[in-house]
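See below for the structure under consideration.
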C-alpha cells in the first residue's frame, strides 16, 4: 500500500483507562474482527495479561479504515501501561508516527500517563488526546482536558470524547488518526530497511519476528540479513496481524507485520536490530533502542538441584519475548547454583516469576529483590554489587552508595499530607509540588530506590486508598550510612535473607524480618533459633519452638483416603522449600526481608 | 415405594457395571447417618431432622446390601450418625434384613453398634443383642455437664450412666466408651475422673480422643472467630500423657493412638483398618477397600440413593493405588498401632517385590529416635506418639 495511506500509532494510557477496550472497539467498528469472535481484550493474549488486566508485551494489529472513499491501513502497536514496562513502551513508540493519549475522564491524568507521553514527545510523535469513559455520570472531561494541558503541555481543547465501552466516538478517533497523524516517510522503492520491534517464540514455527518496514519492501523467499546479529535468513512466511497472523506476499515501507524463517536459536534475533537484503551495500543501521535499565535484582534458585539447566533454558526462552530481562549464573552458600536476574521493576519481577512457573513449570525459590549498590573501596576502586552477600568487609571500603529515584506522585489534594509522611518515613527528600487542577496535585521527591522496593508502593496505595499513582526515574547515586543486616538461622548465616539497610532503621527492620521468619518457617522436630545482626552485634532474636504434636486422633475406614491425601499434600508443600543446614525454609520466607507487615498481593 | 429386591433386579440392564461383590468373610461397615443433633466437632456425614423417611432409607440400605454386602462377614460395625437413633422396629428390620442377605449371625465374631445415651433404651439394647450385636460403643465423651454443654451433647451425665446401666442389664460383656479430652477450660483432673468412672462401670475398651478442630465443622468456625480460647499444645500433650497414665494404671493397653483395651478386648473390626485390610462399607459416605481399590459412597442422602437404586450401587469415587503407594499407606496406617509394622508383611500385602523403598525412611527415623524395632516389627515408641502423623507421612508416596 502507498505509504500515504498508512498510519502507525500506539495508545498511551494508564492501567484501567480503557486502552484494550478501545483497541477492541476499533477492530470491531472496522470489521477487523467480527462481533461474534470478540472476546474482551483481544490484544492481551498472554493468560497473565488477561488475568491482571494489564498489557505486558507490545502487540500489533492492522486495521483497514474507510474515509472519504479511500482505504487507509492503520497499524496499532499496543504498549504496556505499567511503570515497569517503560522499556517496552519506548520500543513501540519507535515504530510509530503518532500516539493516542487516552485518559479516563473520570479519573484524570496519572503519573504513568505523563511519563509515557513524554517518551512519545521525545520520539517526535504526533499526540492526539482522547478522553475516555465520557458516558460515566461522574466524568469531568473539561477539567481533565485542563489537567492534560497543565501536566503534559499539549493543547487538549479539541480532545476527542469517547466511550470505548459503548463505541461512542470511536469512528471519529479513526478519522482523526488519518487526519492528524503523518504517514510514514519511507520509500517502497528504496533498499529494504526494517526495524525488529518484537519477537515471540512459537514452539512449531520458531521465532516470529515483528517488523516495521522503514524503507523498501520484503517478499516471501527474500534472503535477508540481520545487521546486529550478523545472521542471514530466508523469509519462509511474511504477513500481518489482523489480529491473528494472516499470510501475505509482500510488506511495503511503512507497514507492520511479521517474518518467519524457522529461526530456532534464541541468540539470533535482537530487538532493535535492522533487517536488510542479504549482500546489500551501504545500508545504514536504524537507531537501535536504548538498552533496558535494570532497577532491581533478585536470584532464582531451582528447588530440586537437577532443575538448574531447565531453569537456564526457561530463562533463555523468556528473554526472547522479554528482551528487558537479564540473567547470569550465581552461586550461594545456602542455596547452591541459581541465576541472578535483572528486572525493570517489581511488577516485572513478579511477572517473570509467574511466567517461569506457569509457562515453564519451574519450581524455584526467589530471593527478595535488591538494588544495585556502588562500593567505593579504600583502594580507590569502585565496584557494583547486586546482592547483599557480595558486600565486602566494612573495613575494606570507604563508602557505600545507593541509587536514588526521583519519584513523581499524583494524588487528589486531600492526600498530600499522607504522601508527605510516607515519603519522609522512607528517607525521601522533598523537591516540589504542583497543582494540576483544583484538586489534583503532583508531588516530587527523591527517595532511595531501595525504599521504593521495600514497601513504599504498598504504603502509597493503601495510604491514598488507591488514588495515588507514581512514576520514577533514576537520578544517580548517593552515599549514606548503610549497613548489612545479617540473618542467622540455626547458627548459620543465610546470605539470601540478608539485606542492606540504613543504620537508623536497622534495628527495627531486623526485628521485623525475624518476626516474619518466625511465622513463615514451619516448626521442626527441634528448636530453630533466629537472629538478626549488624556486624557481630545481634540486634534481634527469636526461637521457633520444636514441633511437639502432630497426630490425628481418629482414623477409621471412612477417613483413610481423605486423611492420606491431606498428609500427602502437607508433604508436597515442602517441595517449594530449600533446606539450609537441616532447616527447611519456604519460598515466602525469602521475601520476608520486604515490607513492614504482611506482603500484600 | 421401591422394594429392595426391585433395585437389585433393575441394575443388570444399566451400563454402569454394578459393584463387584467382595470375598466371603470381608468385614462390613454400615453407616447410619441420623442424629438428634449435630455435635459441632463432628465431621462424619450425619443428618439431623425428623422429616427424613427412615423406612425409605432402610429400603435403600438393604438394596445396597443386596448388591454389595459380603457374605458371612467376619465383623460388622454399625457407625454413624447414631445407630441407636432408629426405633426398635427399624433396628429389627435392618438386622433381620442383613442377616437374610449376609448370614452374619453364624459368621461374625464381633458385631459392634455405636449408640448414644439419649437414644439407647434397654429395649433397644436387648433387641440388638438378641439379633446378634455383641459389642456396644457408647458415646459418653465426658461426664462433666459443662463440657457436655460445650460439645452440645443432647444428654446429661446421668443419662449417660443410665445408658451404661442398660448396656449392662442387657448382658453385653464387651462394651466401649468414647471419651474426648481437651475442651476449652476443661480441668486436667476431668480426664482421670471420666476414665475411672467409665472403667468402674465395667468398660473393657475406651477410645480416648483429643478434641480436634476439623475444618468445615461448626466448632472450627467458632474457633476461627475467636469464640473461645482453645487449649495450647503443651496442655494437649499433657492431656495425652494423663489419659495414658490413668488407662495404664487401670490395666488397659494402648493398642492404637486413641484406643485402649484390656487383653483381648481390642476392636477387631477397627484393627483391620489399621492393618490395611479389605472391608465393605454401605450407606451414604461409607468407604470400601476391596482388593487394593478404595471406593466411597456419596456424602448426600439423595445422591447415594440414586447411585444405589438407579446405578447398581455405583460408588461416588474410586482410587487404586500403585503397589509402592500401597506400601507407604500400609506403613502410615500400621504405625498407628502399638505393635507397628512387619516390613515383610507390609511388602506382601502391597504386592511389592522390589527393594524396599521404606528402608531409608525407616533408617532416618530410627536414627532420630522416632521409631524403634523389636524382633521383626517397627513401631513408634511412647516418646514419638504425639508425632505419629509426622512419622506416618514420611512413608506416604515413598517413590516420589
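Every number in this text was worked out from the coordinates using simple rules, so none of it is lab data. This structure is a prediction, so every number in the text was calculated from the model and none was measured. No Cβ is skipped: glycine too gets one built from the backbone with ideal geometry, and neighbour counts run over all protein chains shown.
More than 15 Å from residue A:594 (Cα to Cα), free of Cβ contacts under 8 Å to residues at least 24 places away in the same chain and either within 30 Å of the chain's Cα centre (by Cα) or within 14 Å of chain B (Cβ to nearest Cβ) (or both): does that describe residue A:463?
Answer is no for this residue.
From A:486, A:432, A:406, A:427, which residue is assigned to a strand (DSSP E or B) and within 30 Å of residue A:532 (Cβ to Cβ)?
The unique qualifying residue is A:486.
Filter the stretch A:116-145 down to the residues that are buried (at least 21 other Cβ atoms within 10 Å of the Cβ) and within 23 Å of residue A:461 (Cβ to Cβ) and list them by number.
Within the stretch A:116-145, A:116, A:117, A:132, A:133, A:144 meet the criteria.
Considering each residue of the stretch A:184-199, count those that are surrounded by fewer than 18 Cβ atoms within 10 Å (Cβ to Cβ) and touching a helix residue (DSSP H, G or I) at 6+ places or on another chain (Cβ under 8 Å), and give that number.
Going through the stretch A:184-199 one residue at a time, the tally reaches 2.
Is it fair to say residue B:239 is within 29 Å of residue B:133 (Cα to Cα) and part of a helix (DSSP H, G or I)?
The answer is no for residue B:239.
Right, residue B:228: within 23 Å of residue B:335 (Cβ to Cβ), more than 20 Å from the chain's Cα centre (by Cα) and either assigned to a loop (DSSP other than H, G, I, E, B) or more than 10 Å from chain A (Cβ to nearest Cβ) (or both) or not?
Taking the combined requirement at face value, the residue does not satisfy it.
Working only within the stretch A:96-147, note down all residues that are within 20 Å of residue A:172 (Cβ to Cβ) and part of a helix (DSSP H, G or I).
Residues satisfying the conditions are A:141, A:142, A:144, A:145.
Quick one: residue A:544 ticks every box in (1) within 14 Å of chain B (Cβ to nearest Cβ); (2) surrounded by fewer than 18 Cβ atoms within 10 Å (Cβ to Cβ); (3) over 21 Å from residue B:215 (Cβ atoms) bar one, so which box is it?
Answer for residue A:544: the failing condition is (2).
Name the residues in the stretch B:50-86 that are touching a residue at least 12 places away in the same chain (Cβ under 8 Å) and assigned to a loop (DSSP other than H, G, I, E, B), would you?
B:52, B:69, B:70, B:71, B:72, B:73, B:74, B:81, B:82, B:86
If you go through the stretch A:525-541 one residue at a time, how many are more than 10 Å from chain B (Cβ to nearest Cβ), surrounded by fewer than 16 Cβ atoms within 10 Å (Cβ to Cβ) and over 36 Å from the mean Cα position of the chain (by Cα)?
6
Of all residues in the stretch A:422-443, which are surrounded by 14 or more Cβ atoms within 10 Å (Cβ to Cβ) and over 30 Å from residue A:384 (Cα atoms)?
Those that are surrounded by 14 or more Cβ atoms within 10 Å (Cβ to Cβ) and over 30 Å from residue A:384 (Cα atoms): A:433, A:436, A:437, A:440, A:441, A:442, A:443.
Does residue B:321 satisfy the criteria of being within 14 Å of chain A (Cβ to nearest Cβ), touching a residue at least 12 places away in the same chain (Cβ under 8 Å) and closer than 30 Å to residue B:239 by Cβ?
Judged against the criteria, residue B:321 is not a match.
Hey, can you tell me all the residues within the stretch A:358-382 that are in contact with a helix residue (DSSP H, G or I) (Cβ under 8 Å, 6 or more places away or on another chain), in a loop (DSSP other than H, G, I, E, B) and in contact (Cβ under 8 Å) with a residue 24 or more places away in the chain?
Passing the criteria: A:362, A:363, A:367, A:368, A:369, A:371.
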